[in-house]
Amino acid sequence: MKASTLSLPFRARRRVLPGFGLSLGISLTFVSLVLLLPLTGLVGQLKGLSALEYWHIISEPRLVASYVTTLGAAAVAAVVNAVFGLLLAWVLVRYEFPGKRLLDALMDLPFALPTAVAGITLATLYSSNGWMGKLLEPLGLDVAYTWVGIALAMAFTSIPFVVRTVQPVLEDLPSEIDEAAMTLGANDGVAFRRVILPHLWPALVTGTGLAFVRSLGEFGAVIFIAGNMPYETEITSLMIFVKLQEYDYVGASAIASVVLATSLALLLAINLWQGRFIRRLHGGQG
Amino acid sequence: MQRIGDAPALRRLLIGAAVVLSALFLLLPLVAIFAQAFAEGFATFVTNISDSYTLAAIGLTLFITVLTIPINLVFGVMLAWLVTRFAFPGRRLLQTLIDIPFAISPVVAGLVYLLLYGRNGWVGGWLDGHDVQLMFAWPGILMVTIFVTCPFVARELIPLMQAQGSREEEAAVTLGARGFTLFRRITLPNIRWALLYGVILTNARAVGEFGAVSVVSGAIRGQTNTLPLHVEQLYQDYNTVGAFASAALLALIALFTLAAKALLEWRATRLESSS
């Protein structure tokens with residue numbers, strides 16, 4: 001579909017509409033100065049490092065512990081969000097009930113609320129004398145200052161990714177699909193798994209993947225509830241900060257390059273995976 | 001017609017679960033912010049808000065936001081115009097590059113700016129020789145804020161302008177419309193709501209950015225402390241009520257953002273059903 005609208009008609013427009021030179025000039029200047037030039041700073045810092053020194057920095061035990069904490073908590077948050085996000089998208093698309101608009105608006109709260117505000121609020125709520133902490137502590141569940149708290153904060157900031165990716169796909173699903181499944185006599189659970197889920201799968205994986213990437217880089221929401229105990233509840237973003245406070249710019253850059261490479265590789269994988277699905281769904285036209 | 005999940009019991013169960021979980025997970029934190037801010041009464045809240053450091057932080061945050069919005073507005077409109085109205089090699093690449101800020105962790109974003117424009121970086125070192133300091137001062141905060149918020153306007157405009165096509169604009173050009181008149185009279189009325197929403201998102205993020213700003217700010221009280229950094233400092237000082245008073249101001253901006261989105265969406269569906 002895209003290829004057909006791109007090639008010829010656009011060429012023709014180029015002659016008609018004004019502003020090509022101006023918009024190209026401003027866009028390229030902005031992209032080069034704001035987005036690309038700063039990345040050279042990272043390269044400049046890492047240039048002087050030998051491969052062995054680089055490996056030495058990024059495999060330091062305290063740092064490796066932070067990788068495990070960050071990846072583990074982000075994975076738990078992503079799985080929880082996949083289930084919770086699917087439930088929310090389903091309820092918001094399929095059912096009518098009082099307060100639905102309010103619930104829908106509430107889904108964007110984590111994107112709109114500054115991360116530091118989310119961070120201190122969750123830390124206060126789940127600390128031992130907070131509203132939730134008071135309820136959970138007698139049950140033996142410590143959330144604040146443990147990895148559970150880190151996962152909770154990550155899940156909070158990334159839930160909209162899943163809901164907002166699945167919701168439009170579910171909305172566009174024609175009702176004949178349900179009808180066919182129901183007339184064949186399948187019960188709700190089987191019909192959902194066999195008929196609906198295959199259509200939602202690409203969106204659900206994309207949304208969950210985006211939520212996971214966001215969780216890996218999250219800082220403001222996590223550091224207040226994390227407790228930041230070395231080897232236990234330190235996240236990798238915080239390690240960059242720790243290095244900076246020690247004026248170890250090379251160390252900070254090395255860690256940042258690991259974080260950057262991981263998130264770029266994941267986003268690329270999500271894009272490729274999504275592209276493959278879209279081509280398959282749209283047959284030859286995609 | 002019977003659809004999947006329409007059985008009354010299942011329906012009630014799913015709605016109930018969604019509402020209860022959302023209330024606990026999303027609504028409760030929002031309520032807690034205001035409960036904490038007013039925990040010692042309204043008078044204390046006012047005292048906390050009118051504290052001179054808080055006022056300085058509010059002032060700096062407003063200053064940064066007011067400068068960020070027009071810069072990103074011009075860039076967003078230019079980029080959207082470029083990629084939706086012209087074909088040229090590298091068009092797709094440009095659209096991918098604009099998403100860089102979403103892919104980069106805010107701390108890493110702050111760090112790369114610090115490395116380049118800080119005293120040890122090649123640009124920062126040269127500037128330092130000329131007595132210009134960007135990092136640990138407001139220009140640094142402005143630069144990283146522009147970085148983290150620059151995709152919002154373009155992201156809102158591109159799909160809309162792509163869907164609308166350029167027929168009206170071409171007709172206007174044939175009738176003799178030129179340059180800025182064309183944009184103001186033809187394009188702007190079509191995109192103004194998306195533009196407004198892009199600005200609202202830019203505003204929300206610019207006001208609330210924490211990770212990137214905390215790397216480059218230096219957090220000097222009364223000088224380079226933005227409101228989110230001020231919240232952090234008060235919280236670390238065990239002044240919880242004070243921290244939540246400032247946090248409540250930020251939460252109000254978030255609520256305004258959500259309301260604006262709901263309103264613009266409601267308007268769009270009403271227009272769709274009336275036409």
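Some points to look at:
- Largest GNM mean-square fluctuation across B:L263, B:L30, B:L82, computed for chain B with C-alpha springs under 10 Å, falls on B:L263.
- Computed on segment B:41-274, with alpha-carbon pairs under 8 angstrom and 6+ residues apart, the relative contact order is 30 percent.
- Rounded, prolate or oblate (a/c below 1.5 giving rounded, otherwise prolate when a/b exceeds b/c) for the protein assembly as shown by Cα gyration tensor: rounded
- Whole-number percent relative contact order across chain A, with pairs defined as alpha carbons under 8 Å at least 6 apart: 27
- The loop-placed trypsin sites (Lys or Arg not before Pro) in segment B:74-133, going by DSSP, that have at most 16 neighbouring Cβ atoms within 10 Å of their Cβ come out as B:R119.
- Using the Karplus relation 6.51 cos²θ - 1.76 cosθ + 1.60 with θ = phi - 60°, the per-residue 3J(HN,Hα) values for segment B:195-201 come to 4, 4, 5, x, 5, 5, 5 Hz, with x marking Gly and Pro.
- The aspartates and glutamates within cross-link reach of B:K261, meaning a Cα-to-Cα straight distance under 18 Å and a gap of 8 or more places when in the same chain, are A:D104, A:D108, B:E156, B:E272.
- Whichever aspartates and glutamates have a C-alpha closer than 12 Å to that of A:K134, once near sequence neighbours (fewer than 8 apart) are set aside: A:D142
- Per-residue HN-Hα couplings for segment B:163-170 [Karplus 6.51, -1.76, 1.60; θ = phi - 60°; Hz; x = Gly/Pro]: 5, 6, x, 10, 4, 4, 5, 5
- Cα lying deepest toward the dipole's positive end in the protein assembly as shown, options B:F63, B:V107, B:P89, charges on Cβ: B:P89
- With the helix formula -39500 (n - 2.57) applied to DSSP H stretches of n ≥ 4, chain B reaches a computed 222 nm mean residue ellipticity of -24500 deg cm²/dmol.
- Each helix, a run of at least 4 DSSP H residues, gives -39500 (n - 2.57); summed and divided by the residues of chain A, these come to -24500 deg cm²/dmol at 222 nm.
- Hydrophobic, long helices, defined as DSSP H runs whose alpha-carbon span along the helix axis is 18 Å or greater and whose mean Kyte-Doolittle value is at least 1.0, occur in chain A at A:61-94, A:147-172, A:249-281.
- Local net charge near A:I223, Cβ-Cβ under 11 Å (Lys/Arg +1, Asp/Glu -1): -3
- Mean projection area, nm², convex hull over Cα of segment B:41-274: 17.0
- The chymotrypsin sites (Phe, Trp or Tyr not before Pro) of segment A:219-249 that DSSP puts in a loop, and whose beta carbon has at most 10 other beta carbons within 10 Å, are A:Y247.
- Exposed loop sites are taken as GluC sites (Glu not before Pro) in a DSSP loop (any state but H, G, I, E or B) with at most 13 other beta carbon atoms within 10 Å; the longest stretch of chain A without one runs A:97-245.
Bear in mind that the values in this text are calculations on the coordinates, not laboratory data. Being a predicted model, the structure only gives us computed values, none of them experimental. Using ideal geometry, Cβ is built from the backbone for each residue, glycine included, and neighbour counts are taken over all protein chains shown.
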